[in-house]
Structures are given as C-alpha cells and as structure tokens.
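A short write-up of the structure that comes next.
The values are calculated or read from the model by the stated rules, or taken from the named source; none is laboratory data. Bear in mind that the values here come from a model prediction, so they are computed numbers and not experimental data. When we count neighbours, we look across all protein chains shown, and the Cβ atoms used for this are built from the backbone with ideal geometry, even at glycine. Note: accessible area is taken over every heavy atom of the protein model, side chains too, but ligands, DNA and RNA are not part of it. Shrake-Rupley method; radii C 1.70, N 1.55, O 1.52, S 1.80 Å.
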2 protein chains.
Amino acid sequence: MAEQEKEAALPKKENFSEWYNDLLQKGEIMDVRYPVKGLYVWYPFGFNIRRNTYNIMRELLDKDHQETLFPLLIPENEFMKEAEHIKGFEDEVYWVTHGGTSPLDVKLALRPTSETAIYPMYKLWVRSHADLPLKLYQIVNTFRYETKHTRPLIRLREITSFKEAHTVHATWDEAAAQVDEAIRIYTEFYRRLAIPVLPSRRPDWDKFPGADYTIATDALMPDGKTLQVGTAHHLGANFAKTFDITYEDVNGEQVYAHQTCYGVSERSVAALISIHGDDKGLVIPPEIAPVQVVIIPIIFKESSDVLQACESVKNKLEAAGIRVKVDASEDRPGAKYYKWEMKGVPVRLELGPRDLKNNAAMLVRRDTGEKRQVSLENISDEVLSLFGAVQTSLYEKAKQEVEERIFDCSTHDEIRQKITQGIAKVFWCGKKECGLKLEDEIGAGILGIPTGQEPCKGKCITCGTDADMQVYVARTY
Amino acid sequence: MAEQEKEAALPKKENFSEWYNDLLQKGEIMDVRYPVKGLYVWYPFGFNIRRNTYNIMRELLDKDHQETLFPLLIPENEFMKEAEHIKGFEDEVYWVTHGGTSPLDVKLALRPTSETAIYPMYKLWVRSHADLPLKLYQIVNTFRYETKHTRPLIRLREITSFKEAHTVHATWDEAAAQVDEAIRIYTEFYRRLAIPVLPSRRPDWDKFPGADYTIATDALMPDGKTLQVGTAHHLGANFAKTFDITYEDVNGEQVYAHQTCYGVSERSVAALISIHGDDKGLVIPPEIAPVQVVIIPIIFKESSDVLQACESVKNKLEAAGIRVKVDASEDRPGAKYYKWEMKGVPVRLELGPRDLKNNAAMLVRRDTGEKRQVSLENISDEVLSLFGAVQTSLYEKAKQEVEERIFDCSTHDEIRQKITQGIAKVFWCGKKECGLKLEDEIGAGILGIPTGQEPCKGKCITCGTDADMQVYVARTY
C-alpha cells in the first residue's frame, strides 16, 4: 500500500463501525475488496493472529477431543433429514447444482454446519457403550447465504474458521455435563484472549434448530452491542433418532445416543480486535501477537554499533522463545512507531547510542503507553514478565468495562436507555409471550439466563407477576 | 468397530490396490463410506498424521513465505478471464447456482485451484518493486468434478488438504529460480517423510493450463506406477497480463510482474502410507507418527508393579518430547501387537516382571521387526537415537527401491515390459509428435525430463534421430 494511505489517521474508536472497518485494512487483518459480497481475504498478518488464536483452541481441545475432517458437500437427502434443523437453515444454504457443464443427480449443500455430514458416519462409528463418549472436532469453512448486511469476521457468507465439536454420550445427563464443559473450555479460551465472556442459556425461540437447549457466550463490544462468540447445544437424542445413532448398553440393549455440538468462529478474532484496540490501532495480547517485540534502532548518524546491539537483543529474546522484529528500515522513528502501534505489537524497545552506553533500552508498552528505561542485562526475563502483566491488565480492563456496562433495569424506558451503553438485566417470568413482547417493544433481544445465577426474586418486566430469574437483554450483532 | 473386523488380515501388499483400500480402513486413515462419490472422511488417527505432515510443510515454508487464506468461491467472470486456464478446468468445476431458494446473479465456482481468486487481489497488493518478491501460501479444500475413477487421498472430488503457494517476482528469471526453490522445498519435505521423489520437467502438453512450464515431483508407488506428489509452475507474465498485475520498477515504469505457483495435496499422505507400509499395516516415520512409542505391559497375574513401571517409562519418554501410549487394555498381548503394528507405531516396548527386575524392556522396531533388550537407564536417548536410525533406514530402503526400478530402455517392447515394474528412461528428440506417438503406442505417459540431467547422447526412441536428453516414462495415477 502507498505510504500516504498507511499514514492516514484511524477514525476514533468511539465511532466504532468506521474504526473497525478501517482498522481491518490498516492493521492488515482482512482485505474487504474481494469481488463477492460477504467474502473477505485474510491478510498474512491477520492470518497469523488467526493461527495463534486457533492454536490455543487446539491446545485446549486436544486434551480430550480428537481433530478430524469431514467433507464440505452434503447431499440433499441427508441434509433434509432433520426437520427442525432444515427449517433453521434452508434459506441460508448455498447449493451446488452442476459439475462441469452437467447437472448433478443429487444437489449438494455447502455445509452451513456439519451435523448432517457427520452424523451418518457416527451411525457407523458408534456401536457400543465402550465407544462413548466420542468427542471430535474440526476447523473448517462453512457457508451461509446471509441476506442481512455482511461484515468482516462477524457476519459472513464464508465463515472461514469454524471450529465445531460434535460429541456423543450414553445419557442425556452426560451430554448436559458436556455442554457445561464446552462453556468452561470457551471461557478459558477467551480468557487466553483476555476477553471476559458472559454465558447464558438462550430462550427457547433462539436455540439451535434441532437442539433441546443452547448455552451461548457473548462478548460486549465497544459500541455496547453483544457479539455471540461461542455456542454449545444439547441435541438430546433428536439427531440420534433421525440418523439412527444407537449403541449397545451394558444390558445388551440398543438405545439411542445423546449428543452435543459446540462452535466458535472467527468472531473470536473480531472480539479480540474490537475489545482491545484503541485510537492508535490494534492491541494484541502477547500470546497471540505475530510480533511480540519490535526493536527500533535510534540512529543519529551511521551507527553500526546500535544496529549490532539491536540484533544481539533480538537474538537474546528469540532464544527465550519471543517473536521479535528489528525495524531497520529507513523510515523515521515516528513512522515506525505509528506502523507497529497500528499492528498492536505489545512491546517496543528503542535503542540508541546513549542507551547502548548504559547497556539499557527504552521500553514502551503498547496497551498503556507507559515508558521506562530497562537494563539489557536480564531483558528476556523482563519482557516475559511484562507479557504476563499485559495479559492480566488487558483482561482486567475488559472485565471492568463489562461489569460497568451491565445495568439492572426495571422499566422498558430504562432498558431502552441503558442498552445503548451495554446490557440490561431484568426480571422475567419465563413465559414466551412476555419475552417476545419485551423484545418487540424495546427492539432488542433477550440474550438469555446467565448460567450459575444465584436465586433471586422480582417481578416480570412485562407482566408483573413473580419472577425468579433475571435475563440479559441487549442489542446484538 | 467390532473386534472381528479389526482382526481380519490385511491383503498382501503385493496386491497393492486391495491392500491400500483395506489399510485406509484398518489403519484408520480414511472412512470411504461417506454418501457422496469421491468424498471421504478423515479418521482422527489419519487426521493426526495429516496434521504432523502439514506441520512440516508449514515449518519449511514459514522460513520465507507467509500463510494466508482466500475465499473458496470464485465468481464466474473472474474465473473465466484466463483462456488457457479455463480450458484446463472447465469440465471439472463445481458450480454454486443457488443461495437458499433463489438463483444467484453470478454463478460461483468452487475453487479447483486459486489463481483466479488470488490474482485480482495481487493486482491491488503489488504496487512497486519494493513489494516483491511476494510469497504467500494457503492450505485449503479445493474441488474437482472428477469423472475418472476416484480413490481416497489420490483422486478426489474434494481435495481436503491442498497447500498452494503463489509468488510474484520482478523478472522471469527470478520466477524461474523460485520454481527451482519450490522443488528444493518439496524434495526436503518428502525427505522428512522418508520418501525419495523424482523431479522432472513435464512435456509441454502436460503443463499447468496457463503456465510457461511445469516441474513436478513424482513418487514411485509399490505397484510400479508413479504418483505426482508436487508441482511447481512458472506462470511467466501470463496471469499478470490477464489480471493486470504490474509494479513500478526502479525507473518508475509500470511493468508486468512474473509469477509462480506450486502445490502439494494429501497425495503426500497417500505416498507415505503406500511406500512405507507392509503386510502388517502402516509403517509411519517417527516424526509423523501420532503415537511414537507404545508400551505393552506383560502381566501374568495381578501386577501393579509392572503397570507402575510402564507409567514411569512413559513419563520419562514424554519428558523428552516423545508421544507415548501405554496399552493397559484387557486385550491379549498378541492382539495389542496386531493393533499397534497396523497403526504403524515406530517403536514397541514390552515390559514384564522379569524385565522390571533387570531394569530393562524388550524393544521392537516396527519397520524391521528387530527385537532387542534395552536398559531403562537411558531409555529416552535410546529411543530418540533409534528414531533417527528408523528415519534413515526408511528413506534408504525407499531410495534403493526407486533406483532398482528405473530402467534404461531402447525399444518399445522393452518399455512395455519394464513399466509394469517401474519407470523407463528413454532417449527422446524433444519433438511433440514423437512424444505423443510414444505415449500412444505404449499406453503410458512421458513424465518429463529429469531436472539436473547430465549431458547425454542417444537416438530418439520414436524417430531414431539424435537426441540429447532422456525422459522418464511410466504408468501414472
């Protein structure tokens, strides 16, 4: 990209939508100029963030899941088997109808999600109670023919990075425990991204098509809307009955299995960028950052000593497993600061002749802007311990932000006002008509019942009868 | 799977086709029962092999390439831009024509390869000579509507694991050097899989549609056919002209860029399995093996000591970074041997009460079957050094096999006879009609001119005129 484009200022973060779109380009996350609506291109820098993010997911899942890979194309007859499920997806499915110039005998769906690709195989794989639990996952591209406004990483026609897990269990209760475990894993995953998430049980009208119930995790975006960044579905024996997934129990009887599925997409990256970024650009948690430390030589005249010192610091840091770049380009230091701040590099080290004499460097934190002189003596330990501090600080800041933006509300007016800033928490009697009426009147959605809610008593915000739970209400992406 | 199925013997490897198909299932590489022709399911065990294999590819490319990700769907107008390219692919392309129940305005192709998805973006990304060289790659699913007989990992309708690199250079010569570099990288990659490959320059009628020339690497399969397991294409400025990819050179002129692309697919896994496997099942090189060491406790009566010792050996090995499994199941030792031999685990350790007394174990190599007593004192070093020996031995064995199966031939009859066992090497004058006539008469293909061929003189096998090069001729997959 031309220099002048790069150096144009980012919109202020308070103008979230413009800031987000511009940051995707200037931070080299996604290029939105691909010639099909709703499809975007990962810049190598953005993809590197994606790789580090999904490596954390793999690390967490590999403890007791196995990775696998199923086909993208699902034949129409399999896809059409589960009635509820189709109803949920039929308007959104891309259909392959031709191979070369010939029409296909059976139309093929591009998976919008993989239940109907995977479960015919589970029928073959699950035989006996000894095969259970079965816990598999895959990271794949999935497709939704979105008619709503599309948005990079958030609402896509090709979801490029769908991590979907599909588990099979002997009993309904074991499947329920797995749903809880999925939410625990997702909470931990987002913790590693320094993102606090709010798990809640979705109201029935918002559950996954074909599921008994859905628990989802939401992140609070800077504009006060919530972004659903993970879902876990208890499928009961619904799909097992449709796809005939049975196992021989300890008594030798063939009984239906119980299933769950749970997914996370590149919305995880959207949340990461949006929540931590600031007016200067990206702020990437150290574990995720493609470049963790950038070293800027401060050179007033020809000074090979300084460059040599920078390389030597780089080697030290790399030996400690840190991802480092020396920016020895001919740009002015200010232009370099701008560039690497935009890319969210957690730590900048500035090293000039005077620093060299003191065996020191100027260390600048990306997240707080804090500057201080550090000795080069134990620079690796210094940087590694700072990484820990940055991670904690990013998470605590985001957590405080969420806590400050959850509002107890007891009137519709109050909700309408507060949900421009965040999440309203209101009493609800649990009746569907009250819930739908509320959603209709305030023009926002019930996220759901927070998991692990303490017992509480109040009056339903809609009908005024006794209510023993509170629900989150928010504007959603 | 039921026990009796698992225990049925594998066909002999000399019946390669049956052996291969059966091994995919028994070795838990691919399940072929997915209900669409040409689409298969990776078993978790197979996918683990795939993961380790592609991690090596990433390691090699990441040195000076960057990973990225482009959309699957290519709009018809972009796809149709490069005339030669379309001719090569138009019969094989899957078309998405509908989103939900509505016909799409513009048909979308499932990428058969990504030139036409990537190069419109390269037009935007490449501005100046300072942007060059640009070296990106992605690992994606691609699609070919194969009308020929499909075969798991080898001839697929969904290629699940296509690693494609796309580079841009200032000059034709720099692009040519990159093609050589690609072949060097692939040769190293296959070396890590203990597979010797033969690079050759494809005859013009067999080059990539739209390329100036193609160099490919072939592996020799056990049945004497060759499998193309990597290709590198010099695209000249052909696509640059079509997609208007220009850069400002040092003189300020806009000139066309030069490009290459090169790819490897899951055929790498097909070659791995086929070349190293034997009558007992898979033989996986240590670096790739999902399980590198299996420990079998030999227990005659209740013996927690032995189990404890197995766990302690496991911990030792894991501390050295080795992937280990203790098989403490209730199967007979013989059944365990069968199972883990089928899965190609490089090293088995058997540990019984007597071994325990001697602080020793019986070590069995999967590739040679060699057994010997080893002390548990330095077991990690012992095993790691054995891994090196196994790797070398697998490669040397495969290399010898290839060398013994390349035959200098000087008559058509001789070729016909020899290509049932391997590769014929014949003189060719280089004229297309002689080449095509040869292919026609023997019913096999000219692979190409081996790269780095020493100067040589002979008579063309077809027309008898002077020829200064030899070419490989083989039956191909």
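Under conditions of 4 °C and 1.567 mPa s, the range B:168-276 yields 87 µm² s⁻¹ as its translational diffusion coefficient, taking Rh as the Kirkwood radius over Cα pairs in the Stokes-Einstein equation. Simple rule: put +1 on each Lys or Arg Cβ and -1 on each Asp or Glu Cβ in the range B:163-242, find the dipole, and look at B:A232, B:G210, B:A177; the Cα lying farthest toward the positive end is B:A232.
Near A:L376: Cβ cut-off under 10 Å, other residues only, Lys/Arg at +1 and Asp/Glu at -1. The net charge is -2. Summing both sides, the accessible surface hidden between B and A at a 1.4 Å probe radius is close to 4800 Å². Of all the accessible heavy-atom surface of the range B:293-386, with the other protein chains kept in place and a 1.4 Å probe, what percent is carbon and sulfur? Heavy-atom surface of the range B:293-386 belonging to carbon and sulfur, 1.4 Å probe: 47 percent.
Shape annotation for the range A:206-364: C-alpha extents along the principal axes are 82, 39, 23 Å, from largest to smallest.
The order of B:V426, A:V36, B:V106 by accessible area, most exposed first and with a 1.4 Å probe, is B:V106, A:V36, B:V426. Counting only alpha carbon atoms, the long axis of helix A:333-342 and the longest principal axis of chain A meet at about 10°. What residues in the range B:9-40 lose 10 Å² or more of accessible surface when the other protein chains are added to their chain alone (1.4 Å probe)? Going by heavy-atom accessible area, the residues of the range B:9-40 that drop by at least 10 Å² are B:D31, B:R33, B:Y34, B:P35, B:V36, B:L39, B:Y40.
Extension gain, B:K397 to B:D279: 0.36 nm times the residue separation minus the Cα-Cα distance gives 40.9 nm. Rounded to the nearest 20 debye, the dipole magnitude of the range B:242-283 is 340 debye, with +1 charges on Lys and Arg beta carbons, -1 on Asp and Glu beta carbons, and the Cα centre as origin. In order along the range A:92-99, the phi-based Karplus estimate (6.51 cos²θ - 1.76 cosθ + 1.60, θ = phi - 60°) of 3J(HN,Hα) comes to 10, 8, 7, 10, 8, 10, 10, x Hz; Gly and Pro are listed as x. With a/c under 1.5 counting as rounded, go ahead and sort chain A into rounded, prolate or oblate using the C-alpha gyration tensor (a ≥ b ≥ c being the square roots of the eigenvalues; past the cut-off, prolate if a/b is larger than b/c, else oblate). It is prolate, given that a/c is not under 1.5 and a/b is the larger ratio. Dividing the summed helix terms, -39500 (n - 2.57) for each DSSP H run of n ≥ 4, by the number of residues in chain B produces a 222 nm estimate of -11000 deg cm²/dmol to the nearest 500.
The spacing between the range A:217-284 and the range A:350-393, judged by their C-alpha centroids, is 39 Å. Of B:H85, B:T246, B:I49, which is farthest on the positive side of the dipole of the protein assembly as shown, counting Cα position, with +1 on Lys and Arg Cβ, -1 on Asp and Glu Cβ, and the Cα centre as origin? Of B:H85, B:T246, B:I49, it is B:I49.
Given R0 = 22 Å, the distance between the Cβ atoms of A:E92 and B:D105 translates into a calculated FRET efficiency of 0.80. For chain B, DSSP calls about 80 percent of its internal beta bridges antiparallel. In the protein assembly as shown, the DSSP beta bridges split such that about 80 percent are antiparallel, to the nearest 5. Helix B:44-62 sits at what angle to the longest principal axis of chain B, using alpha carbons and giving 0 to 90 degrees rounded to 10? Computed tilt is about 50 degrees. Cα-Cα over 32 Å: which of A:K148/A:K418; A:K163/A:K457; B:K123/B:K437; A:K207/A:K339; B:K241/B:K437; A:K163/B:K371? The answer is A:K163/A:K457; B:K123/B:K437; A:K207/A:K339; B:K241/B:K437; A:K163/B:K371. Accessible area per residue for chain A, computed on protein heavy atoms with a 1.4 Å probe, is 40 Å².
Where does the charge balance sit around A:K13 when Lys and Arg score +1, Asp and Glu -1, over other residues with C-beta under 10 Å from its C-beta? In short, -3.
The overall shape of the protein assembly as shown, judged from the alpha-carbon gyration tensor, is rounded, with an a/c ratio under 1.5. I'd like the chymotrypsin sites (Phe, Trp or Tyr not before Pro) in the range A:295-347 restricted to DSSP loop residues with at most 15 other Cβ atoms within 10 Å, sorted by number. Loop-located and lightly packed - A:F300.
The charge dipole of the range A:57-128, taken about the Cα centre with unit charges on the Cβ atoms of Lys, Arg (+1) and Asp, Glu (-1), comes to about 220 debye, rounded to the nearest 20.
With respect to chain B, whose longest principal axis is taken over its alpha-carbon atoms, helix B:379-404 is tilted by about 50°. Checking the a/c ratio against 1.5 first, then a/b against b/c, what shape does the Cα gyration tensor give for the range A:293-386? It comes out rounded by the Cα gyration axes.
Taking all C-alpha pairs of the range A:242-332, those more than 17 Å from each other amount to 71 percent.
Taking amide H as placed 1.01 Å from N in the peptide plane, B:G236 has its amide H under 5 Å from the amide H of B:D212, B:Q259, each at least 5 places away in sequence or on another chain.
Taking amide H atoms as placed 1.01 Å from N in the peptide plane, the amide H of A:V93 lies under 5 Å from those of A:Y145, B:G100, each 5 or more residues away in sequence or on another chain. Once you list every other residue whose beta carbon is under 12 Å from the beta carbon of B:E318, what net charge do they have if Lys and Arg are +1 and Asp and Glu are -1? Overall, the nearby charge balance is +3. Using Stokes-Einstein with the Kirkwood hydrodynamic radius over Cα pairs, what translational diffusion coefficient do you get for the range A:14-276 at 25 °C and a viscosity of 0.890 mPa s, in µm²/s rounded to a whole number? Rounded, D is 127 µm²/s.
Taken about its Cα centre, the range A:14-276 carries a charge dipole of about 780 debye when Lys and Arg each add +1 at the Cβ and Asp and Glu each add -1 at the Cβ.
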